[in-house]
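Structure, as structure tokens:
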Amino acid sequence: MLQSMLLNNWSEAFVNLFTNNLGIVSIVCLAIGLVLCTIECFIPGFGVCGITGSLFCIASVVIILVTGGEYVVQQFLYILGLIVIIMATAILIAVRSARFGLLSKSSLVQNGTDLPKDFTQNDKNYAYLMGKVGTTSTVCKPIGKVTIEGQAYQVMTEGEYIEKNQEVYVAEVDGSSIVVKKR
């Protein structure tokens, strides 16, 4: 009985949703809520639009449930279905736009790094320093600076603390990484 009532009255429930005064209020709340949530998807901020939109969507569902009536189940499912479909569509469009569309060109989406365009990575190979002796010009804890043959280099230790003005030697070189130890 209940199943046949649910299946046969979908069109009547849909029409009643738009002709009933509180149904219209519910649809207006739903529309405002979905618009605000969609705005939050495309213009993220402090969440005011998202929170307010969610409250409007919840108010829409509550209005339908409180008013009751013979079509409450169908109307509830209509409203819930609309919320899910429209929000899923808005999120998918926002994600696609953030990757390929207008949103990807805005300052909201970070596409690169904060490094200047003329920045180049240090590709020097310091293998020629292997075994050379120098003096720490800063404290190495574990990273610091060492002067070797009048040239300053950024170095690291193997975790040990080395005071300033200590004599050290280059124990290991891996590309541009120089590892020193106390002499």
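The values are calculated or read from the model by the stated rules, or taken from the named source; none is laboratory data. Not measured: the values here are computed from a predicted model. Neighbour counts are summed over all protein chains in view; Cβ atoms, including those assigned to glycine, are modelled from backbone coordinates with ideal geometry.
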- [ ] Determine the pairs where a residue that is touching a residue at least 24 places away in the same chain (Cβ under 8 Å) and closer than 26 Å to Gly23 by Cα, located within the range 71-98, has a partner that is in a helix (DSSP H, G or I) and of a type in the set (Val, Ile, Thr) with Cβ atoms under 6 Å apart, the partner being 6 or more residues away or on another chain.
- [x] Gln75/Ile64; Ile79/Val61; Ile79/Ile64; Ala90/Thr38
Open item on the list: Here is a list: Ile91, Ile39, Ile86, Ile51. Which entry is more than 14 Å from Ile24 (Cα to Cα) and touching a Gly at 6+ places or on another chain (Cβ under 8 Å)?
Closed with: Ile39
TODO: Taking only the range 145-175 into account, find how many residues are among the hydroxyl-bearing types (Ser, Thr, Tyr) and in a loop (DSSP other than H, G, I, E, B).
DONE: 2
- [ ] Could you please tell me which pairs satisfy a Cβ distance under 7 Å, a separation of 6+ or placement on different chains, a first residue in the range 128-157 that is crowded, with 19+ Cβ neighbours inside 10 Å, and a second residue that is of a type in the set (Phe, Trp, Tyr) and part of a strand (DSSP E or B)?
- [x] Val146/Tyr153
Task: Condition met for Ile24 (over 17 Å from Val84 (Cβ atoms), assigned by TED's automatic domain parsing to the domain that holds Ile86, in contact with a Phe, Trp or Tyr (Cβ under 8 Å, 6 or more places away or on another chain) and at pLDDT 70 or above) - done: yes
Open item on the list: Can you say whether Leu34 is at pLDDT 80 or above, of a type in the set (A, V, I, L, M) and out of contact with any His (no Cβ under 6 Å at 6 or more places or on another chain), as far as the supplied structure shows?
Closed with: yes
